[in-house]
1. Within the range 88-114, how many residues turn out to be under 15 Å from the mean Cα position of the chain (by Cα) and not hydrophobic (A, V, I, L, M, F, W, C)?
2. Any chance the range 133-143 includes a residue that's under 22 Å from THR276 (Cβ atoms) and in contact with a helix residue (DSSP H, G or I) (Cβ under 9 Å, 6 or more places away or on another chain)?
3. Residues that are under 27 Å from MET125 (Cα atoms) and out of contact with any Cys (no Cβ under 9 Å at 6 or more places or on another chain): which helices (runs of 4 or more DSSP H) entirely in the range 218-296 hold 3 or more of them?
4. If the Cβ limit is 9 Å and pairs must be 6+ apart or interchain, which residue in the range 183-200 that is in contact (Cβ under 8 Å) with a residue 12 or more places away in the chain pairs with which residue that is outside any helix (DSSP H, G or I) and of a type in the set (Phe, Trp, Tyr)?
5. Could you go through the range 64-82 and let me know if any residue there is modelled with pLDDT under 75, β-branched (Val, Ile, Thr) and either exposed (fewer than 12 other Cβ atoms within 10 Å of the Cβ) or closer than 18 Å to PHE308 by Cβ (or both).
6. Would you confirm whether any residue within the range 115-130 is in contact (Cβ under 8 Å) with a residue 12 or more places away in the chain and among the charged types (D, E, K, R)?
7. When you go through PHE212, PHE162 one by one, which is the residue that is surrounded by 17 or more Cβ atoms within 10 Å (Cβ to Cβ), closer than 30 Å to ALA244 by Cβ, under 26 Å from the mean Cα position of the chain (by Cα) and in contact (Cβ under 8 Å) with a residue 24 or more places away in the chain?
8. For the subset of the range 90-118 comprising residues that are aromatic (Phe, Trp, Tyr) and surrounded by 17 or more Cβ atoms within 10 Å (Cβ to Cβ), which member is farthest from ILE262 (Cα to Cα)?
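The values are calculated or read from the model by the stated rules, or taken from the named source; none is laboratory data. Computed from a predicted structure; not experimentally measured. Cβ placement follows ideal geometry from the backbone for every residue including glycine, while neighbour counts extend to all protein chains displayed.
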Amino acid sequence: MGLKGYLIKRVAIALFILWVVITLNFYIFILSPGDPTHYLMSPGMTQEQEQLIREMFGVDEPIPVQYVKYIKNLMSFGLIPPYFGVSHQTHEYVTDELWWRLSFTLLLLGSAEIGAIIIGVSIGMLVASRRGTKLDVSVMGVGLFTYALPTFFIEIFALYFFVSYIHQTAGVYIFPSTSWTSYPRPEGFLPQLADIAWHLTLPVACLIIISFAYWALYTRNMLLDVLTQDYILTARAKGLGERAVLFKHALKSIYPQIVTMIALTVPGLVTGAMITETVFGLEGIGKWYIDSISIANPDYPVVEAILFIYATLTILFNLLADFLYGALDPRIRVGARK
């Protein structure tokens, strides 16, 4: 199979998986017991009024009709009517809140992911070049310790220390405790940008502390394997310095693996915010999902839209990882032509 055929096959499989995921997503909620609009009913309503509410949200229609409308809502990608459907809680289009929440979530987790990758890969390269030293053991020990701790533990501890304890002892706030911005907002673009950065500093720092060890350990282990290869020994025998060997030869050979891992972790930026946004009171996609999946007050259109976005991103970035791996690693292209 040629490279073109390989890619076409991968795209076809991805589309099939996406269809299976969104179909299961539909039936999980449609077959759940109870009426998702029951919380909108009040004791004084007549049966006609209750039926009118069910008709408004389409829950009284046959399942095949609901499924077709559900697919139509998702395929709009929130850009054209019906905009992922109407929220059961706000009675507004899901898109009205989705995009601004998503942008804040991506800002939060994107900053943390970029920081963790830069710091983790740099530390992994450093300790790989000093394998077995005290620096290697201590850095990896600290990293694995923080990585093993629950996310909420580090975040709650950071809130207590930097917000509550320091305020009580010194009477100042180093970092704010909740929200994306101050109220009232500062005037001007740059002051607003600085205010958002101030609010995001603590949650971003917590996420970097939690996840940098993953990238450091992954980079270290990959480099330790590469540094034992024959071509590395040849480069050293030619008189190349250790810095040139590390950056020009060893690091270059693990680019495909690093790029693949980056592509595979990007989808988690959407739903990985659940704990962090809840702890810090940030109104993003993660906290919105938690609020919408409540048993007492479910908002199925919101939950379905968020899960659809997550599934789509996961599949797209898996495809991107395959494409990038083939572009960066000649062995993949050669294997695909056979």
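1. 6
2. Start the filter on the range 133-143 by keeping residues that are under 22 Å from THR276 (Cβ atoms), which leaves 142-143.
Now drop any that are not in contact with a helix residue (DSSP H, G or I) (Cβ under 9 Å, 6 or more places away or on another chain), which leaves 142-143.
Looking through the range 133-143, at least one residue is under 22 Å from THR276 (Cβ atoms) and in contact with a helix residue (DSSP H, G or I) (Cβ under 9 Å, 6 or more places away or on another chain).
3. Details: elements: 230-237, 255-265, 268-271, 274-280, 285-292.
Answer list for the range 218-296: 230-237, 255-265.
4. ASP195/TRP180; ILE196/TRP180; TRP198/PHE175; HIS199/PHE175; HIS199/TRP180; LEU200/TRP180
5. Taking every residue of the range 64-82 in turn, at least one turns out to be modelled with pLDDT under 75, β-branched (Val, Ile, Thr) and either exposed (fewer than 12 other Cβ atoms within 10 Å of the Cβ) or closer than 18 Å to PHE308 by Cβ (or both).
6. no
7. Details: PHE162 fails: closer than 30 Å to ALA244 by Cβ.
Answer to the selection: PHE212.
8. First, pick out the residues of the range 90-118 that are aromatic (Phe, Trp, Tyr): 93, 99-100, 104.
Cutting the leftovers down to surrounded by 17 or more Cβ atoms within 10 Å (Cβ to Cβ) gives us 93, 104.
On the way: TYR93: 32, PHE104: 20 Å.
The extreme case among them is TYR93.
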